[in-house]
Amino acid sequence: MSRTDGSTTSSGLSERELAAVRERAAELRQESGSGGKGAKGAKDEAAVLAKIEQMAEPDRSTALRLHRLVADAAPDLRPKLWYGQPAYARGGKVVCFFRSGQDDGERYSTFGFTPEARLDDGSGAWPTSYAVADLTEAAAEALAALVARA
């Protein structure tokens with residue numbers, strides 16, 4: 001039974017988690033039935049921009065700024081939706097992503113990297129996700145450097 005109060009359903013997932021799974025399944029169905037790479041790329045970017053437009057402020061402005069940051073820092077990364085949120089991929093594999101804190105019911109949004117980013121720095125521990133409450137110039141520059149490195 002589905003619940004909207006944050007409790008789990010019979011599957012053991014919260015309603016929000018089930019919604020994310022459904023969005024990802026729809027994304028995979030769309031990917032498998034899409035046409036050529038050029039048309040698919042434009043369609044994927046349009047879907048990401050539409051998702052960003054649906055976000056409430058300040059997440060909308062932050063996500064749009066990060067979208068431009070990724071495009072400038074790593075033009076080879078292609079936008080796509082991933083679990084219903086903006087992400088950026090190389091060769092179809094997600095490298096980095098934005099999660100709206102408001103959409104997720106969290107205190108802050110996050111910008112993260114998957115293992116595909118290969119950010120290993122040899123220290124044995126490194127961050128893979130960053131809280132984004134206010135994207136200052138310094139924070140934007142640091143994230144741009146990481147995106148370029150990825």
* Among the residues of the stretch 109-119, which ones are of a type in the set (Ser, Thr, Tyr) and either within 9 Å of the chain's Cα centre (by Cα) or modelled with pLDDT under 95 (or both)? -> 110
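Considering each of 95, 70 in turn, give the residue that is of a type outside the set (D, E, K, R), part of a strand (DSSP E or B), buried (at least 21 other Cβ atoms within 10 Å of the Cβ) and more than 8 Å from the chain's Cα centre (by Cα). Before you say what the answer is, go through the steps one by one.
Details: 70 fails: part of a strand (DSSP E or B).
So the residue among 95, 70 that is of a type outside the set (D, E, K, R), part of a strand (DSSP E or B), buried (at least 21 other Cβ atoms within 10 Å of the Cβ) and more than 8 Å from the chain's Cα centre (by Cα) is 95.
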* To do: Give the stretch 44-64 a look and list any residue that's surrounded by 14 or more Cβ atoms within 10 Å (Cβ to Cβ) and in a helix (DSSP H, G or I), or say none.
  => 44, 45, 47, 48, 49, 51, 52, 59, 60, 62, 63, 64
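Against the condition of a type in the set (A, V, I, L, M) and over 13 Å from the mean Cα position of the chain (by Cα), how does residue 42 come out, does it pass? So that I can check it myself, show each step before the final result.
On the way: of a type in the set (A, V, I, L, M): yes; over 13 Å from the mean Cα position of the chain (by Cα): yes.
So residue 42 fits the description; yes.
Among the residues of the stretch 73-92, what is the count of those that are in a loop (DSSP other than H, G, I, E, B), within 15 Å of residue 40 (Cβ to Cβ) and touching a strand residue (DSSP E or B) at 6+ places or on another chain (Cβ under 8 Å)? Even if it seems obvious, please write down each step before you answer.
Initially, the stretch 73-92 is screened for residues in a loop (DSSP other than H, G, I, E, B), giving 74-77, 83-84, 91-92.
Adding the requirement that they be within 15 Å of residue 40 (Cβ to Cβ) leaves 77, 91-92.
Now restrict to residues that are touching a strand residue (DSSP E or B) at 6+ places or on another chain (Cβ under 8 Å): 77.
Total meeting the criteria: 1.
The values are calculated or read from the model by the stated rules, or taken from the named source; none is laboratory data. Being a predicted model, the structure only gives us computed values, none of them experimental. All Cβ positions, glycine included, derive from the backbone under ideal geometry; neighbour counts span all protein chains shown.
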